[in-house]
Each structure stands twice: as structure tokens, then as C-alpha cells.
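Structure below; questions to follow.
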Amino acid sequence: MGGIRTAQIPAPPTLDVKALPEFGAQVYGYDPTAPFDPAAFAELEELLYKHSLLVIRGVDLTPKQQYKLTKAFDATAEGSYGHGNNKTGSEKKSVLHPDLKTVPSQPQVQLIGNGVPTDPRITQGLDKPQLRHPHHKTFHKEVVSPEEEAQGITRFYRWHIDAALYDLLPPKVTTLYALSVPAGEEQTCRYDDGTGDELKVPLGTTAFVSGTKMFDILPPDLKSLAVRAKVRYAPHPYVWMAPAKSNSTGLGIVSDGKELSKDDLPAWESSKIKEFPMTWKNPKTGKLHYQVHPSGAEAIIVAPLPAGVDPSGQILPEGGIISDLKETRELLFKMQRPGIAPELVYPHDWKKDDLCIFHNRGVLHSVVGAFEPDQVRAFWQCNLASGEEPLPPTADDVKTYSSFA
Ligand SMILES: [Fe+2]
């Protein structure tokens with residue numbers, strides 16, 4: 001107990017660490033393979049909610065140990081993987097299906113990566129699993145040319161929260177454990193949204209941004225909207241969005257009307273459709289995190305201003321529903337894009353045996369980059385559907401952030 005130490009995460013020079021003083025920590029002195037110590041774990045949990053992302057290096061984990069660690073963060077999780085344990089039947093049309101291979105002995109743990117790993121420790125009984133690092137050309141509407149790609153130009157694939165967004169509740173925590181990390185040149189992640197923004201990234205990085213920062217930098221009228229709004233997600237959103245394509249930042253879908261019609265989705269029930277607050281309250285720090293999965297969002301429901309708040313300059317002071325898909329996406333992009341500015345993105349430089357633990361209700365993240373088919377990258381990923389809804393802003397939060405006039 002008390003043996004945990006933290007240090008600054010290995011931040012690249014592009015990261016504005018002054019703007020993100022608490023974001024991310026490298027942790028020493030916590031052994032996730034040791035017998036469970038409630039006091040040490042409580043300390044780790046406190047650190048996670050404070051820093052949003054913890055990195056422990058040089059870890060030698062089994063899938064069971066990874067599952068147990070992940071489960072320790074959520075007593076309400078019943079043990080189903082964040083997207084459910086059975087990705088079968090018509091849900092095979094989901095955009096997530098090809099990226100996940102379930103570890104047979106521990107179905108809440110998924111093997112993800114690139115190439116065909118052969119080390120039995122990695123494959124865990126799977127027969128020559130073909131892994132595929134998600135490539136932006138399979139998801140973005142406009143893509144980087146092969147010539148540019150050869151020069152190391154790449155994109156964020158898809159900014160997201162790990163969550164089914166239908167029926168199941170978002171996991172509190174995701175753990176990502178690096179088993180095999182190919183060495184390679186860094187790449188240039190280009191936004192291609194007219195801003196000229198770009199970011200140097202390590203090959204195959206996972207990029208993280210802070211949901212708190214995304215909220216904190218909103219102008220007052222959008223903060224007021226954010227604390228009053230809920231986002232409604234499409235039923236089976238990953239199937240619904242499968243024919244559609246993303247914008248060039250990976251932060252939301254282009255509105256070309258390509259989404260599947262509700263009649264063509266796997267069977268769904270309106271009682272399982274999810275509406276989540278636009279901001280989620282951190283259970284330990286009380287801060288608000290702007291947590292929206294832009295690709296799955298379908299509508300925005302806004303509550304009226306609290307009684308007595310001056311309506312001048314406010315968006316939808318009386319409340320209302322934004323149900324036009326294009327309008328919904330444009331508003332979300334306007335609110336979220338500042339939060340993925342290059343200086344606010346932490347691209348983790350993966351080393352073999354790194355364990356990243358992230359507050360899935362407090363950050364957005366994205367796969368980045370592209371590998372050659374024979375480059376073997378192997379990770380175990382674990383998160384668990386929660387038994388608890390994300391915490392909404394309190395009445396005090398709504399009052400505070402909506403009273404700006
Ligand atoms: Fe993810």
C-alpha cells in the first residue's frame with residue numbers, strides 16, 4: 001500500500017502538457033499479476049479517474065489476469081464484453097466484426113492487431129488468427145493516395161468510446177496490452193479538413209484525447225448546450241453505419257444518406273435504444289467529460305434552461321430536439337473538433353509489454369496508421385459492459401454552465 005508512484009507519460013513534443021496538466025500518467029509499483037490487494041487497487045483507481053490514462057510498462061499478463069484487473073474497476077459489470085460476448089448472426093455486418101478475435105479461454109478479452117501471430121502465448125488456442133489493423137481507406141469517404149501513403153501520410157481511423165451504444169451500457173474502463181509491436185518509421189497523421197492540421201505519430205499509435213478538455217474549451221453557449229443535451233444513438237449503430245463513410249478526421253460520418261434503413265437492421269427494440277447525456281460526470285473528481293461517439297449519434301435532445309437563467313445568446317433556450325442527421329453531425333463536429341487539435345492529442349508510443357488502462361467514460365481514442373500485411377502487431381483488449389449508467393451532470397452543473405449571460 002502506498003507503493004505506487006507516477007511520472008509524466010512519455011509525451012511527444014507536439015503535446016501541450018501545460019494545457020493537459022493531469023492527463024495521463026506512467027505508473028510504477030503496481031503489479032497487476034500479484035494477488036489482489038484492495039488498498040493498492042483503490043490507489044490505482046483513484047489515479048485512473050484523476051489522470052484518465054495510465055501506462056504500466058514491462059508487464060507479463062495472462063488473459064485471465066487482464067480480465068480480473070478490468071473487472072476490478074466495475075463491480076456492477078456482469079462479465080460481458082463491452083459489445084456483448086456473441087458477435088454472431090446478422091451482427092456480422094457490423095463495422096467492428098472483422099477487427100475482433102475473441103480469446104477462447106476468456107471471451108471478454110479480444111485479440112486485435114495486424115498480420116498472423118503464431119506465438120501460442122499470443123494466439124491462446126486460436127488457429128492462425130488473421131488480424132487486420134483498421135485502415136482509414138475502409139472507412140473514410142476520401143482517402144490518402146497510395147503515393148502519399150508511401151511517404152508515411154495517414155489518418156485517425158475513428159474517434160470513439162468503446163461502447164455498444166445499444167442495449168448494453170458503456171464500459172467504465174478499457175485495458176489494452178501490447179504483446180507484439182512492430183518497429184517502424186513514424187507517420188504523419190493528416191486531418192485533411194481544410195485546417196492544415198497534422199500530427200507526427202509513432203507507427204500504429206493509439207491516439208487519446210481528454211473528454212474534460214473537450215468540454216472545458218467549449219465557448220459558453222456550447223457549454224450551456226452540452227450540459228443540457230442528451231445524444232440518441234441509432235439501434236445497432238455499427239451495423240447501421242456500415243455502408244456509410246467517415247469524414248477525413250475520423251470524427252463522425254459524412255451525411256450521404258448511406259446508413260442502413262431501420263427495416264434492414266437486425267431485430268431491434270426501442271426500449272434498448274440508448275440516450276446518454278452529452279457530458280458524463282467523473283465519479284471521483286466531479287469534472288465533466290464531453291463523451292459522445294460521433295459516428296453512432298442520430299439525434300440531440302436538449303432540455304430547457306433552468307428557471308431564472310437569462311436566455312440571451314443561448315442555443316435552444318426552451319429546449320428542443322435536433323433530429324436531422326446532418327444537423328446533428330455538424331453540431332457534434334463543431335463541438336468536438338477543437339478537442340482533437342494536434343496539441344491536445346496524446347499518441348501512445350507502444351512498446352511490447354505495455355499495459356494501458358484508460359477511463360473509457362473520460363476519453364475518446366482512435367486507431368491510427370497503417371501496417372504492411374506481414375507486420376505482426378498483437379494486443380489484447382478488454383472492457384466490460386457496465387451495470388451502471390454514465391453519471392449525468394448535476395442540477396448544479398447545469399445551472400453553473402448555463403448561466404453565462
Ligand atoms: Fe477502442
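Please treat every number below as a calculation from the coordinates, not as lab data. Note that the structure is a prediction, hence the values are computed from the model and not measured. Cβ: placed from backbone, ideal geometry, glycine included. Neighbour counts: every protein chain shown.
So in the chain, what percent of DSSP beta bridges are antiparallel if you round to the nearest 5?
Values: 59 of 64 bridges.
Bridges in the chain that DSSP calls antiparallel: roughly 90 percent.
Among Ser366, Ser323, Ser386, which one shows the biggest mean-square fluctuation in a GNM of the chain, springs joining Cα atoms closer than 10 Å?
Ser323
Can you give the relative contact order of region 233-274 as a percent, counting alpha carbon pairs under 8 Å and 6+ residues apart? Write out the running numbers ahead of the final one.
Working: 44 pairs, mean separation 21.5, N = 42.
That works out to 51 percent.
Related question: Using a 10 Å cut-off on Cβ atoms, rank the peptides 275-284, 116-125, 291-300, 371-380 from the highest mean neighbour count down. List each step's numbers first, then the result.
On the way: 275-284: 20.2, 116-125: 14.5, 291-300: 23.7, 371-380: 18.0.
Most protected by this proxy first, the peptides run 291-300, 275-284, 371-380, 116-125.
Something else about it: Which value, in debye to the nearest 20, describes the size of the charge dipole of region 105-148 about its Cα centre when Lys and Arg Cβ atoms bear +1, Asp and Glu Cβ atoms bear -1, and nothing else is charged? The partial results should precede the final answer.
Details: 5 positive and 5 negative charges, 37 e Å.
Charge dipole of region 105-148: 180 debye, to the nearest 20.
Now for a different question. Evaluate the Kirkwood expression for the hydrodynamic radius of region 258-405, namely the inverse of the mean inverse distance over all pairs of different C-alpha atoms, and round to one decimal in Å.
Numbers: mean 1/r = 0.0528 Å⁻¹.
Kirkwood hydrodynamic radius for region 258-405: 18.9 Å.
Could you give the dipole magnitude of the chain about its Cα centre, charging the beta-carbon of Lys and Arg +1 and that of Asp and Glu -1, in debye to the nearest 20?
Working: 43 positive and 50 negative charges, 94 e Å.
Rounded to the nearest 20 debye, it is 460 debye.
Okay, next question. If each residue's Cβ is checked for other Cβ atoms within 10 Å, how do Arg132, Arg190, Arg228 rank with the fewest at the top? Walk me through the intermediate numbers first.
On the way: Arg132 15, Arg190 18, Arg228 25.
Ranked by crowding around the Cβ, least crowded first: Arg132, Arg190, Arg228.
With a/c under 1.5 counting as rounded, go ahead and sort region 1-122 into rounded, prolate or oblate using the C-alpha gyration tensor (a ≥ b ≥ c being the square roots of the eigenvalues; past the cut-off, prolate if a/b is larger than b/c, else oblate).
Values: a/c = 1.85, a/b = 1.48, b/c = 1.25.
Prolate, since a/c reaches 1.5 and a/b exceeds b/c.
Which shape class applies to region 326-368: rounded if a/c is under 1.5, otherwise prolate when a/b exceeds b/c and oblate if not, where a ≥ b ≥ c are the square roots of the Cα gyration tensor eigenvalues? It would help to have the intermediate numbers written out before the result.
On the way: a/c = 3.02, a/b = 2.25, b/c = 1.34.
Taking the square roots of the gyration eigenvalues as a ≥ b ≥ c, region 326-368 is prolate.
Using the count of nearby Cβ atoms within 10 Å as a rough guide to exposure, how do Glu147, Glu198 rank from fewest to most? Before the final figure, lay out the partial values.
On the way: Glu147 8, Glu198 16.
Ranking Glu147, Glu198 by Cβ neighbours within 10 Å, fewest first, gives Glu147, Glu198.
Please identify, among Gly257, Gly79, Gly113, the residue showing maximal mean-square fluctuation in a Gaussian network model of the chain using a 10 angstrom Cα cutoff.
Answer for the Gaussian network model of the chain: Gly257.
What is the Cα radius of gyration of the chain over 2.2 N^0.38 Å, N being its residue count? Before the final figure, lay out the partial values.
On the way: Rg = 20.4 Å, N = 405, 2.2 N^0.38 = 21.5 Å.
Normalised Rg, Cα atoms only: 0.95.
How big is the dipole moment of region 137-219 about its Cα centre under a simple scheme where the beta carbon of each Lys and Arg is +1, that of each Asp and Glu is -1, and everything else is neutral? Debye, nearest 20, please.
Details: 8 positive and 13 negative charges, 66 e Å.
Roughly 320 debye, rounded to the nearest 20.
Can you put Cys189, Cys356 in order of Cβ neighbours within 10 angstrom, beginning with the fewest?
Working: Cys189 28, Cys356 23.
Ranking Cys189, Cys356 by Cβ neighbours within 10 Å, fewest first, gives Cys356, Cys189.
Relative contact order (percent) for region 131-221, with alpha-carbon contacts under 8 angstrom and 6 or more residues of separation? Let's see the in-between values first.
On the way: 65 pairs, mean separation 19.3, N = 91.
The normalised contact order for region 131-221 reaches 21 percent.
Quick one: compute the contact order of the chain, relative version, from alpha carbon pairs under 8 angstrom and 6+ residues apart, as a percent. Mind showing how you got there, number by number?
Values: 925 pairs, mean separation 117.3, N = 405.
Over the chain, the number comes to 29 percent.
To the nearest 500 deg cm²/dmol, what mean residue ellipticity at 222 nm is calculated for the chain from DSSP H runs of n ≥ 4 alone, each contributing -39,500 (n - 2.57), summed and divided by the residues?
Calculated at 222 nm, the ellipticity per residue is -5000 deg cm²/dmol.
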